[in-house]
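Taken together, the values in this text are just the output of simple stated rules run on the coordinates, not laboratory data. Predicted model, so just to flag it, every value in this text is computed and none were measured. Don't worry about glycine lacking a Cβ; one is built from the backbone with ideal geometry, like all the others, and counts go over all protein chains shown.
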Amino acid sequence: MSATLGIRYRWRDAAVAVAAVALVAFGLAELYVPLAGYVDGQGPDLGALPSGWLAVLTVLLVGYGLAVAACTSYPRAAAVLAGACFTAQSFTPVLPEWPIVPLLALLAACFGCVAVGGRTAPTVAAVSYFASLGIENTVAGDSDWVFIVFVGLAVLGPGYAVRMRRAQAARLVALAAEREAAARTDERLRIARELHDIVSHGVSVMVLQAGAAQAVLDSDSHQARESLEAVQDVGREVVTELRRLLVLLRGAEAAPEGLPSLRRIEPLLTAVRVAGGRVDVTVRGDLATVPVAADVSGYRVLQEALTNAARHAPGATVDVSIEVDGGSLRLHVVDDGPGLGRRGNGTGHGLTGMRERAELFGGTVTAGPRPQGGFEVRVELPADPDGSVSAPGTKAATR
């Protein structure tokens, strides 16, 4: 976008420079070549002017050319310069209303000032135009203000319309940039959620397995060996998940069967069981009918809930309920471990990730300690892929 605008601006400046050179060339022809309008009594005979006046008019002509050339780069200065040259020529033997170059230069400079200038540019252009023409009108003894106002409106009006179009285009560009920045932020948050879910769960299980192996290293070498093998298995799973994430980030499509799914949650249950706990899973409804996006998000939410249970309530019994009912996917994870006091050192990033995932589908998350003890997480995700993506209110306790 910026490269295209840069090329367009360069072409515009080149066209304006060519117009300025052509205007100066035509003005020189008016000054030094006797034209019919000046030898038939309709204007002064420019060929009979003293060389001093011709030099002055030539300098003013160069000023007009500079004003036209700078009307897009320095619009306010160009309008002031054109008005000053026009006013100065009013006190020469050749009034600027007779040759056509001065009026064209003034109109072009004022148009450019209004169209591309800053906030005060319309005022500068209007003052330059009406002041210079008013002085010229007074010096010439003419009172044709109707013509002056008509020409001014015919030039400044379209210039203002161009100004409004440019402002609208600038707003659209700014809005597109804001949307692009928001999209990048959302993508970074999505990647952060995926990394948190993958790494946090995997590392937690590996730490628990390594701790179990260390505890029985001297007394039960077979159990220690199984725990170390489990660490290897979880490590391979984490590496596979990270590779899959990298594939997605590179723009390649991942096959649906290669994505995490609530139909394959057995690896998630290992963390709780390794910590000495028990997991009871109840599934109601057909998980095959859940769209891929909701299925993956539900898997990640369950992964985080089970990881928290293993980390904060080792040895607890965890009940997991997965229900597909109509257009909703409901997850209910509850454990009978210690309450909030045992979980006060958590950062809360996991529950934040749950809430963000649910909000993408217009779902809800309720999480917190139970009065009778333990911790409870309830999640409801609309399974309709075309569902709302609003951000409803959610309740969560830092865990």
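Listing for the model above:
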item: R0 of 56 Å, Cβ-Cβ distance residue 12-residue 323: FRET efficiency to nearest 0.05; result: 0.30
item: Formal net charge of residues neighbouring residue 288 (Cβ-Cβ distance under 10 Å; K, R +1; D, E -1); result: -1
item: Segment residue 131-residue 180, length gained on full extension (0.36 nm per residue, minus Cα span); result: 13.0 nm
item: Summed residue charge, Cβ within 14 Å of residue 232's Cβ, Lys/Arg positive, Asp/Glu negative; result: -2
item: Cα-projected label distance for residue 151 with residue 242, points at 7 Å along beta-carbon direction, nm; result: 7.5 nm
item: Sites residue 192 and residue 84 - FRET efficiency at Förster radius 51 Å, r taken between beta-carbons, to 0.05; result: 0.25
item: Residues 228, 189, 175, sorted so that the one with the fewest Cβ neighbours within 10 Å comes first; result: 175, 189, 228
item: Fully extended contour minus Cα-Cα distance, from residue 218 to residue 58, at 0.36 nm per residue; result: 47.1 nm
